[in-house]
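The values are calculated or read from the model by the stated rules, or taken from the named source; none is laboratory data. Please read all numbers here as calculations on a predicted model, not as lab measurements. Every residue, glycine as well, gets a Cβ built from its backbone with ideal geometry; the counts of neighbours run over all protein chains shown. Accessible surface areas use protein heavy atoms only, side chains included; no ligands, DNA or RNA. Shrake-Rupley method; radii C 1.70, N 1.55, O 1.52, S 1.80 Å.
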Amino acid sequence: CGGSISNSSGTLQSPFYPESYPNNADCVWEIQVENNCRVMLTFRDIEMQSGSCQYDYTEVYDGPPHSSPLLGRLCSGSFPTYISSSNMMTVRFHSDSRYTFRGFQAYYSSIPADHNTTLQCLPDYMHAVVSRDYLQSRGYSAQMVTLDDSRCTPTVTSHEVIFNIPYNSCGTIRQENGDTINYSNVIKVTSSGYIIKRKKNIHLHISCKMLQNTWMQTMYVAEDTIDMNEHQFGRYDLNITFYDSSSFSQQVHDSPYYIDLNQNLYLQAYLHSSDPNLIVFVDTCVASPDPQDFNTLAYDIIKNGCVRDPSYVTYYSSYSHIARFKFNAFEFISRHTLVYLQCELVVCRLGDYSSRCYRGCISRSKRDTSSVEETVKVTVGALQLRERDAQSENTS
């Protein structure tokens with residue numbers, strides 16, 4: 001029932017399909033394919049409570065559901081095909097507590113996008129590429145492509161004009177609106193005529209929009225030219241590493257990391273971003289012997305900001321993009337050969353005290369309206385008990 005999907009193609013279907021789906025289900029599938037590709041979704045079968053699609057329905061969103069337009073809501077009848085405007089599409093399946101039917105089955109695939117322009121929102125800069133073939137088809141040369149800040153020049157190859165535009169320089173504008181942060185710039189293609197010009201200027205508006213921890217990348221052409229739209233979605237670049245002490249000066253590179261029972265484990269979460277006005281919050285950390293399954297057999301260390309393990313302690317960091325904490329190795333590891341950790345990290349605007357990062361421990365029911373894009377999951381491990389402890393445990 002739901003989940004994140006990164007395969008280039010596959011099948012989606014309602015729970016128990018083709019048998020009757022369960023009551024009170026709410027499943028959200030987030031399909032994300034490679035950059036500068038589109039998602040094509042075709043329904044092969046659908047049978048739900050018909051009528052106005054008010055009680056049981058399947059919705060398709062052009063991106064994440066909380067910030068993207070609804071492409072369609074259906075419950076029976078035709079089998080439509082939807083194509084996203086970005087590399088991301090969301091499918092939501094909802095049923096109430098009354099009638100159940102067969103449900104739906106759909107097929108998704110990745111299709112190439114227009115390659116005249118491409119955009120990637122990388123951790124430290126926007127990577128924008130303009131095709132020289134496209135410029136030549138409009139009567140322009142690569143030398144006519146500039147930013148307002150003339151000190152930031154592109155790299156010109158035989159086929160492309162490439163800009164690497166930092167988030168904090170080259171004239172990039174930073175705007176905040178509610179829970180979003182938008183970084184924008186303009187690539188200009190200007191006609192060389194001084195007195196008269198017979199070609200209109202082209203403005204490529206580039207935008208990397210951050211909503212909690214999801215980047216939405218857009219590029220579009222203005223100034224009465226042929227309209228092009230490029231929307232891409234990505235993830236923040238976050239990692240978690242072990243350290244050998246509370247000074248956090250020496251990183252542990254061993255894999256697996258051999259530890260003793262009740263040993264202090266020091267961890268640091270690090271956000272790679274050139275924007276200094278962001279903060280990282282550790283929302284959840286769960287231990288499991290299976291790196292692919294943190295539900296069946298798991299131990300909560302911290303859950304929804306609420307500390308579950310009494311040995312959990314946070315440490316001060318002078319950098320907002322770094323979060324540090326520790327806990328003690330627990331009895332859980334003595335019963336399993338290897339143990340992995342999966343932590344959910346939230347990224348917010350620094351000083352936004354209404355955001356998740358500043359609200360601390362909250363109950364799950366208060367987060368039901370949040371989208372799946374609000375957290376980044378990072379898995380770290382494995383942890384393994386030292387041999388001498390394992391032998392004494394067996395002897396005892």
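Summary of values
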quantity	calculated
Filter result for Thr58 (β-branched (Val, Ile, Thr) and free of Cβ contacts under 8 Å to residues at least 60 places away in the same chain)	yes
Residue within region 258-267 that is touching a helix residue (DSSP H, G or I) at 6+ places or on another chain (Cβ under 7 Å) and either crowded, with 19+ Cβ neighbours inside 10 Å or farther than 23 Å from Asp352 by Cβ (or both) present	yes
Residue list for region 269-280, restricted to those being closer than 17 Å to Ser355 by Cβ and either at pLDDT 85 or above or not in a loop (DSSP other than H, G, I, E, B) (or both)	Ala269, Leu271, Leu278, Ile279, Val280
Candidate set: region 312-355, residues that are under 21 Å from Pro256 (Cα atoms) and among the polar types (S, T, N, Q); chosen: the one most open to solvent (accessible area, probe 1.4 Å)	Thr337
Contacts under 8 angstrom Cβ, first residue in region 144-168 being under 15 Å from His205 (Cα atoms), partner among the small types (Gly, Ala, Ser) and open to solvent by 40 Å² or more (accessible area, probe 1.4 Å), 6 or more apart	Leu147/Gly171; Asp148/Gly171; Asp149/Ser169; Asp149/Gly171
Residues within region 311-356 that are in a loop (DSSP other than H, G, I, E, B) and either within 20 Å of Asp244 (Cα to Cα) or of a type in the set (Lys, Arg) (or both), tallied	9
Which listed residue, of Asp283, Asp300, is surrounded by fewer than 17 Cβ atoms within 10 Å (Cβ to Cβ) and part of a strand (DSSP E or B)	Asp300
Tally of residues being hydrophobic (A, V, I, L, M, F, W, C) and open to solvent by 50 Å² or more (accessible area, probe 1.4 Å) across region 286-297	1
Where a residue in region 275-298 is acidic (Asp, Glu) and its partner, wherever it lies, is surrounded by 20 or more Cβ atoms within 10 Å (Cβ to Cβ) and not in a strand (DSSP E or B), with Cβ under 7 Å and at least six apart	Asp275/Tyr167; Asp283/Thr375
Boolean, Ser95 is open to solvent by 20 Å² or more (accessible area, probe 1.4 Å), in contact with a strand residue (DSSP E or B) (Cβ under 9 Å, 6 or more places away or on another chain), at negative phi and in contact (Cβ under 8 Å) with a residue 12 or more places away in the chain	no
Residues located in region 113-145, provided they are in contact with a helix residue (DSSP H, G or I) (Cβ under 8 Å, 6 or more places away or on another chain), in a strand (DSSP E or B) and either modelled with pLDDT of 90 or more or within 19 Å of Ser85 (Cβ to Cβ) (or both)	Thr117
Residue match in region 68-83 (condition: touching a residue at least 40 places away in the same chain (Cβ under 8 Å) and either open to solvent by less than 10 Å² (accessible area, probe 1.4 Å) or β-branched (Val, Ile, Thr) (or both))	yes
Residue match in region 41-50 (condition: at pLDDT below 85, out of contact with any Gly (no Cβ under 7 Å at 6 or more places or on another chain) and crowded, with 17+ Cβ neighbours inside 10 Å)	yes
Unmet requirement for Ser110, which otherwise passes all of (1) part of a loop (DSSP other than H, G, I, E, B); (2) among the hydroxyl-bearing types (Ser, Thr, Tyr); (3) open to solvent by 30 Å² or more (accessible area, probe 1.4 Å)	(1)
Test: Tyr55 is assigned to a loop (DSSP other than H, G, I, E, B) and out of contact with any strand residue (DSSP E or B) (no Cβ under 6 Å at 6 or more places or on another chain)	yes
